[in-house]
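The values are calculated or read from the model by the stated rules, or taken from the named source; none is laboratory data. Given the structure is predicted, the values throughout are model-derived calculations rather than measurements. Methodologically, a virtual Cβ is constructed for each residue, glycine included, from the backbone with ideal geometry; neighbour enumeration extends over all protein chains shown.
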Amino acid sequence: MNQLVGLLGILVGASFGVIGVWWGLKKAAKNRGVDERLKVIVAKSHSTSWFITLGAIYCIFILYLLGVEFSVPAALGSLIFIQLGGWSISMYFYHKKY
């Protein structure tokens, strides 16, 4: 039962995320918010978030070599959290910078 609730939470969360991104882009396009500046910011933030994720992968490997054991869901969950967190923080940073 817990696995079913967890799977349902993942699916509902992902669908709300997709709907939120679609709705946000629709509203931004209506207000002329989707322009070259946004495209540059998105490209830079994606690149930065992947560098942050790569650093986290190296940290997880180093911790594993030092004897810390992770389960696969814990490692993947932390990497997804770091990827999305790095992306959102870098988006905020680049919006303030540009």
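Assorted remarks:
- Meets criteria (farther than 24 Å from residue 73 by Cβ, within 15 Å of the chain's Cα centre (by Cα) and either in the same structural domain as residue 76 (by TED's automatic domain parsing) or in a helix (DSSP H, G or I) (or both)) for residue 39: no
- Residue match in the stretch 81-89 (condition: aromatic (Phe, Trp, Tyr) and part of a helix (DSSP H, G or I)): yes
- Boolean, residue 40 is within 20 Å of residue 86 (Cα to Cα), free of Cβ contacts under 8 Å to residues at least 40 places away in the same chain and either surrounded by 10 or more Cβ atoms within 10 Å (Cβ to Cβ) or of a type outside the set (Phe, Trp, Tyr) (or both): no
- Test: residue 28 is under 22 Å from residue 90 (Cβ atoms), under 17 Å from the mean Cα position of the chain (by Cα) and either among the small types (Gly, Ala, Ser) or outside the structural domain of residue 84 (by TED's automatic domain parsing) (or both): no
Okay, residues lined up against (1) β-branched (Val, Ile, Thr); (2) exposed (fewer than 13 other Cβ atoms within 10 Å of the Cβ):
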{"residue": "49", "(1), (2)": "no, no"}
{"residue": "55", "(1), (2)": "no, yes"}
{"residue": "62", "(1), (2)": "yes, yes"}
{"residue": "67", "(1), (2)": "no, yes"}
{"residue": "73", "(1), (2)": "no, yes"}
{"residue": "79", "(1), (2)": "no, no"}
{"residue": "97", "(1), (2)": "no, yes"}
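- Qualifying residue in the stretch 57-78 (condition: over 26 Å from residue 3 (Cα atoms), part of a helix (DSSP H, G or I), of a type in the set (A, V, I, L, M) and within 17 Å of the chain's Cα centre (by Cα)): yes
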